[in-house]
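One structure is given below, encoded as structure tokens.
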Amino acid sequence: MEQVIAHVDMDCFFAACEEKMDPSLKGKPVAIGALPSYKRGVLSTANYEARKYGLRSAMPISQAVKLCPDAVYLPVNFALYRNESAKVMHILKQFATAFEQMSIDEAYMDITAFVRRFPNLEEAGRYMQDSVKEATGLNCSIGISNSRYVSKIASDFKKPFGITVVEDAKNFLAELPIGKISGVGKKTAARLNEIGIFKIKELADCDRFKLIDNFGNWVIGFQEIARGNDETGVFEDYGPRKSISREMTFQDDIGIDECYDWLEKVVERLDLEDYSFKTVSLKLRFSNFETITRDMSLKIAVNSRSVALDKVRKILAGINSEDKVRLIGVRLSNLIYEENKQLPITDFCEA
Ligand code: TTP
Ligand code: MG
């Protein structure tokens with residue numbers, strides 16, 4: 001494999017953190033989120049014991065209580081989860097040359113160099129999994145392939161505490177429903193269903209012109225993924241100025257149409273000063289925590305907020321989703337430092 005990308009996702013994360021804090025919970029069904037006394041509200045997650053009774057993320061508490069009255073119901077304790085998440089990410093980062101945390105409990109990692117130390121990818125995955133377990137006591141599942149989209153699907157394949165290595169992406173994807181591709185939301189899936197596309201292989205094999213006629217050019221990216229051709233890679237999240245990014249999280253999730261105006265505010269806050277950029281990326285996190293990123297590249301590097309705004313709005317226009325949005329982010333990458341830019345006079349005064 002040319003590039004090796006891992007997607008790591010913690011198992012029943014909020015519930016696992018609570019079990020770590022209170023080991024007496026182990027073996028019992030545990031659900032985190034709204035409490036039975038609230039009557040309204042939903043579960044954030046449930047441990048695997050509680051899932052046997054049908055409890056799931058986003059399930060109304062009233063329904064959960066009917067299915068499993070004896071579960072332990074706990075409120076969300078974000079401070080605890082953030083703390084555990086930071087420890088997990090710290091461990092994982094040491095194995096990656098590029099690291100992109102997608103949410104509190106998942107990350108993409110470029111492990112191309114790391115895996116050379118192991119006889120096979122499975123063992124590399126096992127090493128990462130054991131390292132996280134040893135340092136934090138928490139379980140994760142890992143997908144490994146040459147495509148971030150495939151690895152994302154693969155990490156969910158053998159949960160909990162699973163490792164799934166995919167060598168033949170096209171074959172692995174073939175029989176799965178199209179909604180499994182990260183970014184293909186319910187609305188897009190329904191529209192694809194209308195033209196007879198249900199499985200990923202049907203998207204892979206569909207006539208390209210038919211797809212473009214029905215959806216526009218943006219769908220071709222998904223067709224390439226369906227064909228096992230994805231070279232997106234992992235965005236570097238740390239280190240010296242490889243990218244400039246800003247994010248905004250909403251207290252109340254917003255509709256996708258409202259994002260156009262907010263994007264202007266995010267772009268305004270980008271610390272663009274001395275850099276030109278060639279790639280503009282948009283990140284959206286939906287209310288169910290699904291996170292997608294899309295990028296667009298320019299022919300030449302520019303230092304222009306209005307170009308950045310124009311591009312992210314164009315990317316947004318290509319995303320079809322009825323889901324509400326909880327976070328938007330803009331990232332500029334492929335940066336060129338403008339060395340010849342005049343220094344502000346204050347810099348000389350301080351010297
Ligand atoms: P997930 O990784 O989707 O779920 P999980 O870690 O609980 O379970 P799995 O083993 O299947 O990965 O989400 C991570 C955390 O995000 C989850 O523990 C709680 C929170 N969350 C919500 O608050 N609401 C939601 O609807 C979802 C899906 C997750
Ligand atoms: Mg998880």
Scalar couplings 3J(HN,Hα) for segment 259-275 by Karplus 6.51 cos²θ - 1.76 cosθ + 1.60 (θ = phi - 60°), nearest whole Hz, x for Gly and Pro, are 5, 4, 5, 5, 4, 4, 5, 5, 5, 4, 8, 5, 8, 7, 2, 9, 10
Taking 45 Å as R0, compute the FRET efficiency from the Cβ-Cβ separation of Tyr337 and Lys20 and round it to 0.05.
0.55
Taking segment 124-186 and dividing mean pair separation by its residue count, relative contact order in percent (alpha carbons under 8 Å, at least six apart)
26
Segment 1-112, Kirkwood Rh and Cα Rg, ratio Rg/Rh at 1.07
Using a basic spin-label model with each label point 7 Å from the Cα along Cα→Cβ, how many nm lie between Glu167 and Arg305?
5.2
Rounded to the nearest percent, how much of the accessible area of the chain (1.4 Å probe, protein heavy atoms only) is carbon and sulfur?
50
Got the relative contact order for segment 186-291 handy, in percent, Cα pairs under 8 Å and 6 or more residues apart?
16
The chain - share of DSSP beta bridges that are antiparallel (%, nearest 5):
90
Residue by residue through segment 77-84, the couplings from Karplus 6.51 cos²θ - 1.76 cosθ + 1.60 with θ = phi - 60°, in Hz, x for Gly and Pro, are 10, 4, 4, 5, 5, 5, 5, 5
Solvent exposure of the chain as accessible area per residue, Å², 1.4 Å probe
50
Among Lys87/Lys133; Lys133/Lys158; Lys170/Lys311; Lys39/Lys66; Lys152/Lys314, which pairs are too far apart, with a Cα-Cα distance over 19 Å?
Lys170/Lys311; Lys152/Lys314
Ranking by accessible area, most exposed first, for Phe277, Phe198, Phe235 with a 1.4 Å probe
Phe198, Phe235, Phe277
Mean-square fluctuation maximum in Gaussian network of the chain, Cα pairs under 10 Å, restricted to Tyr337, Tyr81, Tyr149, hits Tyr337
Strictly over 28 Å apart at the Cα level, which of Lys52/Lys186; Lys26/Lys180; Lys52/Lys93 would you flag in this model?
Lys26/Lys180; Lys52/Lys93
How large is the charge dipole for segment 220-292, taken about the Cα centre, if only the Cβ atoms of Lys, Arg (+1) and Asp, Glu (-1) carry charge, to the nearest 20 debye?
280
Summing -39500 (n - 2.57) over every DSSP H run of at least 4 in the chain, dividing by its residue total and rounding to the nearest 500, the 222 nm mean residue ellipticity is -10000 deg cm²/dmol
Which whole-number percentage describes the relative contact order of segment 1-46, with Cα contacts under 8 Å and a sequence gap of 6 or more?
34
Computed E for Ala58/Ala113 - FRET, C-beta separation, R0 35 angstrom, nearest 0.05
0.40
Using θ = phi - 60° and the Karplus form 6.51 cos²θ - 1.76 cosθ + 1.60, what ³J(HN,Hα) does each residue of segment 127-132 get, whole Hz, x for Gly and Pro?
5, 5, 4, 5, 5, 5
For Asn77 and Val42, compute 0.36 nm times the residue count separating them, minus their Cα-Cα distance, and round to one decimal in nm.
11.1 nm
Other-chain or far-sequence residues with amide H under 5 Å of Ala98's (modelled H)
Asp110
Mind grabbing the accessible area of Arg227 for me, 1.4 Å probe, Å², rounded to tens?
80
Report the Cα centroid-to-centroid distance between segment 171-211 and segment 250-284 in angstrom, as an integer.
29
Roughly how many Å² of Asp130 are accessible to a 1.4 Å probe, to the nearest 10?
70
Report the residues of segment 284-311 in range of a label on Trp262: point 7 Å along Cα→C-beta, backbone N strictly under 11 Å from it.
284-287
Take the Cα atoms of the chain, find their three principal axes, and give me the spread along each one in whole Å, biggest first.
66, 59, 50
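The values are calculated or read from the model by the stated rules, or taken from the named source; none is laboratory data. This is a predicted model, so every value here is computed, not measured. Heads up, the Cβs are rebuilt from the backbone with ideal geometry, glycines too, and the neighbour counts pull from every protein chain shown. We work out accessible area using only protein heavy atoms, side chains counted, and drop any ligands, DNA or RNA first. Shrake-Rupley method; radii C 1.70, N 1.55, O 1.52, S 1.80 Å.
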